[in-house]
Amino acid sequence: MRWMPRKGRVLAGGVLLAVAATPAFASPQTPSQAPGLTPQAAAPATPPAASTQDTAPRIPAAEARQALAKGEAVLVDVRPKAAYDASHAAGAISLPLSDLGSRAGELPKDKLVITYCT
């Protein structure tokens, strides 16, 4: 065997380990190699659902005030009840976000629903 500098041997060993660890060079495991493990089909990739914060349209405060003044909108405070009780916008109704799914039927269908949480 030819003499190889120490630095070269370390580098060559690292390259061999890297190549051996890549999936293309690694041998596939079968149930006989790993008892108790069976291959499973990969789960279909589903994109993460967009949050309401990303999809809900936003309107300027002046537009919201105008719609409320004309009676075309309702203002909904979606904070917890305790926060609503401490203070809230004039005319706002309390409908905590945690209850929104079960109480959505209480909202008027013929008006713009404006929610706020701060």
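The values are calculated or read from the model by the stated rules, or taken from the named source; none is laboratory data. Every value quoted in this text rests on a predicted model; they were computed, and no experiment measured them. Cβ sites come from the backbone with ideal geometry, for glycine too, and all protein chains shown count toward neighbours.
Quick one: in the range 107-118, which of the residues that are surrounded by 10 or more Cβ atoms within 10 Å (Cβ to Cβ) and not hydroxyl-bearing (Ser, Thr, Tyr) is farthest from ALA67 (Cα to Cα)? Lay out the reasoning, then the answer.
So in the range 107-118, the residues surrounded by 10 or more Cβ atoms within 10 Å (Cβ to Cβ) come out as 107, 111-117.
Imposing the further condition that a residue be not hydroxyl-bearing (Ser, Thr, Tyr) reduces the set to 107, 111-114, 117.
On the way: LEU107: 16, LYS111: 9, LEU112: 8, VAL113: 10, ILE114: 10, CYS117: 19 Å.
Out of the qualifying residues, it is CYS117.
For the range 85-110, how many residues meet the condition of being of a type in the set (D, E, K, R) and more than 28 Å from the chain's Cα centre (by Cα)? Please lay out each step first, then the result.
If we filter the range 85-110 for residues that are of a type in the set (D, E, K, R), which is where we start, we get 85, 99, 103, 106, 109-110.
With the extra rule that they be more than 28 Å from the chain's Cα centre (by Cα), the set shrinks to 85, 109-110.
So the answer is 3.
Given the criteria within 31 Å of the chain's Cα centre (by Cα) and either more than 13 Å from THR115 (Cα to Cα) or at pLDDT below 60 (or both), does ALA69 qualify? Steps first, please.
Working: within 31 Å of the chain's Cα centre (by Cα): no; either more than 13 Å from THR115 (Cα to Cα) or at pLDDT below 60 (or both): yes.
Taking the combined requirement at face value, the residue does not satisfy it.
Within the range 5-13, identify whether any single residue is part of a helix (DSSP H, G or I), exposed (fewer than 10 other Cβ atoms within 10 Å of the Cβ) and at pLDDT below 60, and answer yes or no. Reasoning before the result, please.
Kept after step one, since they are part of a helix (DSSP H, G or I), are these residues of the range 5-13: 6-13.
Remaining after also requiring exposed (fewer than 10 other Cβ atoms within 10 Å of the Cβ): 6-7.
Now drop any that are not at pLDDT below 60, which leaves 6-7.
Yes, because at least one residue in the range 5-13 is part of a helix (DSSP H, G or I), exposed (fewer than 10 other Cβ atoms within 10 Å of the Cβ) and at pLDDT below 60.
Restricting attention to the range 72-99, which residues are closer than 12 Å to ILE114 by Cβ and not hydrophobic (A, V, I, L, M, F, W, C)? Explain how you work it out, then say what you get.
Step one: filter the range 72-99 for residues closer than 12 Å to ILE114 by Cβ, giving 72-78, 89, 91-93, 95.
Passing the criteria: GLU72, ASP77, GLY91.
Here's the yes/no breakdown for (1) touching a residue at least 12 places away in the same chain (Cβ under 8 Å); (2) touching a Leu at 6+ places or on another chain (Cβ under 7 Å); (3) on the phi > 0 side of the Ramachandran plot:
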position: ARG65; (1), (2), (3): no, no, no
position: ALA73; (1), (2), (3): yes, yes, no
position: VAL76; (1), (2), (3): yes, yes, no
position: ARG79; (1), (2), (3): yes, no, no
position: LEU95; (1), (2), (3): yes, no, no
